[in-house]
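Following: one structure in structure tokens, then a few remarks.
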Amino acid sequence: MGNMMSQPLLISSILQHAARHYGANEIVSRRVEGDVHRYTYRDCHARAQQLANVLQALGVDAGQRVATLAWNGYRHLELYYGVSGSGRVIHTLNPRLHVDQIAYLLNHAEDQYVFFDMTFLPLVEAVAPHCPAVKGYVMLCGGAHMPPSSSLDNLLCYEELLDAQAVQYDWPALDEHAASSLCYTSGTTGHPKGVLYTHRATVLHAYAAALPDALNMSAREVALPVVPMFHVNAWGMPYAAPLTGAKLVLPGAAMDGASLYELFEQEQVTFAAGVPTVWLGLMNYVTQQQLRFSTFRRTIIGGAACPPALMGLMRSAHGIDVVHGWGMTETSPLGTTSTLQARHLDLALAPEAQQKILEKQGHAVFGIDMKIVDADGGELPWDGMARGDLLVRGHWVMQHYYRHDNDDALQDGWFATGDVATIDADGYMQIADRSKDVIKSGGEWIGSIDLENIAMAHPAVAMAACIGVPHPKWDERPLLLVVLKPGARLERAQMLAFYEGKIAKWWTPDDVLFVDSLPIGATGKILKNALRASYCGYQLPGVA
Ligand code: AMP
């Protein structure tokens, strides 16, 4: 054995480090109260310590769960550290879910308290009668914003709770394998399943997320997670930013183009992260208003395939480097990112060839291992052609779902992602589809992402989704649903003609429907299953 110290990897140590070494660096939040709040990592650490004392006073034991229903903001960040750092488990609930789902999750997780942004008071009042085991509800505001009356029995005020506690608190030396946070998968079918992260996995993930080919976080960056703190811990940014000293800008509930742009400029944001739909909104706004970003240089886009047209627009019109990232709730989420290597630059690849590499979901970050397999589990070659089920394993990949201790979620130690992918000889992975979204036509697979990406490249198209609809001869055929840009006109034949020469002819959608909007789920992704349900009886042209 070697002779080095054995120190547990603990979440509390990240904020402690930030307070000591980047104490004056800022955390700026747009609050639901309407104003912009700013303080420092030193302030955040002090208040997280007070919060740990609050939890002690409320009688929340180590390992017990504390839920949040909150946007990205400094109080939510204090909960990330105060709850996990003190040995409790933070359960970040998605407020966009239905009341019944939220009640189910609160009961399933046996949450003791719910900390919520004041805009969610009506939601919490609707949920509470279904959750008798919850001991109390804490509104994230000061006394002046507390409601004069509420149907909640035990409604407490966050700032008053904090004020009553001392700052002095010694973070416990926990086991690094102890549970730290809980996040449920989007759960498009059946009940959502919980992924229970550990301190160790979270700290290692934060290290990896900070790397140059991932989020490239440093004390010189100003980072804005548009991705919500209830969507896989905002992809690790609330940990990677204090770990590196990056200034953190938290946009609260205002995700519209105008509000985001204002914050980007006001706070000189250099780096941001979010799902494609968010960037489509922001880019439409800046294009319409003919605005420029003065400091925004880099973004990571993931959660769903990033349309190459969006990547191209961000890069060519605004000089923003887009890093395409892939991950899942079960993988903390960082799995792969797409960036070029010196070798690609030395080869003096044409910009189009570079772009093709960047459009892929990318290479595994250290800590993640991946492979693709056929239906029998046989490993497929890394030739960029063979498509198979993507399996991963690594330091921050889930072992089994929360409260499914006896279900082996793994295949010989690998986690089956449910994604279908190719991997090229350089190790760049490309997602063809979610296995449930693949269109099965005549025994062959058509990747819906490819069809959507082509449609999105048409200048008249704002958003596109492609689904398989039943076909008597071919089993399924692609149906393309298109939302046009405001004022744009496009005929079905023109849309279909746009596919010519870009894909095999038999991949061309059988029909195009122009719709006003597409259903967007709680994490900002297009709900393909809802579309499939709506169009399962759709009569394709030429089908009797
Ligand atoms: P969630 O756990 O809700 O974040 O969903 C994870 C799933 O989102 C993955 O299994 C993929 O199907 C999809 N996903 C995430 N990132 C990407 C990406 N860059 N490209 C395509 N699909 C993605």
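Just a few scattered comments:
- Antiparallel DSSP beta bridges within the chain, percent to nearest 5: 55
- Straight-distance crosslink candidates among aspartates and glutamates, where the alpha carbon sits under 14 Å from residue 371 and sequence neighbours closer than 8 are dropped: 379, 383, 389, 412, 419, 424, 426
- The stretch 296-432 shape via C-alpha gyration tensor axes, a/c threshold 1.5: prolate
- Gap separating the Cα centres of the stretch 48-64 and the stretch 219-263, nearest whole Å: 26
- Available extension along the chain between residue 1 and residue 160 is 52.2 nm, counting 0.36 nm per residue and deducting the alpha carbon span.
- Arranged from fewest to most other beta-carbon atoms within 10 Å of their beta carbon, 514, 116 become 514, 116.
- The packing ranking, built from the mean of other Cβ atoms within 10 Å per residue, places the peptides 529-538, 77-86, 205-214 in the order 77-86, 205-214, 529-538, highest first.
- Residue 356 paired with residue 150, simple spin-label distance in nm, labels 7 Å along Cα-to-beta-carbon: 5.7
- R0 of 45 Å, Cβ-Cβ distance residue 425-residue 489: FRET efficiency to nearest 0.05: 0.55
- Summed residue charge, Cβ within 13 Å of residue 392's Cβ, Lys/Arg positive, Asp/Glu negative: -3
- A viscosity of 1.002 mPa s and a temperature of 20 °C, combined with the Kirkwood radius over C-alpha pairs in the Stokes-Einstein formula, give the chain a diffusion coefficient of 88 µm²/s.
- Each of 395, 363 has some number of other Cβ atoms within 10 Å of its Cβ, and from fewest to most they run 395, 363.
- Per-residue [θ]222 nm for the chain (sum of -39500 (n - 2.57) over DSSP H runs n ≥ 4, rounded to 500): -8500 deg cm²/dmol
- Stretch gain in nm, segment residue 56-residue 287, where the contour uses 0.36 nm per residue and the Cα spacing is subtracted: 78.1 nm
- Think of the chain as a dipole: +1 on every Lys or Arg Cβ, -1 on every Asp or Glu Cβ, centred on the Cα centre; then among 36, 261, 481, 261 lies furthest on the positive end.
- Calculated FRET efficiency for the pair residue 533/residue 349, C-beta based, R₀ 56 Å, to 0.05: 0.85
- Listed by Cβ neighbour count within 10 Å, with the fewest neighbours leading, 5, 146, 463 appear as 5, 146, 463.
- Relative to the current alpha-carbon distance between residue 35 and residue 211, full extension at 0.36 nm per residue lengthens the span by 60.1 nm.
- log10 of Debye I(q)/I(0), alpha-carbon scatterers only, for the stretch 403-544 at 0.10, 0.15, 0.20 Å⁻¹: -0.40, -0.82, -1.29
- Taking the Cα centre of the chain as reference, the dipole from Cβ charges on Lys and Arg (+1) and Asp and Glu (-1) amounts to some 820 debye.
- Span from the the stretch 514-543 Cα centroid across to the the stretch 123-164 one, whole angstrom: 38
Only the coordinates and a few stated rules stand behind these numbers; no lab work does. Fair warning: this is a prediction, and the values are worked out from it, not measured in the lab. In this analysis, Cβ positions are derived from the backbone assuming ideal geometry, glycine residues included, and neighbour counts consider all displayed protein chains.
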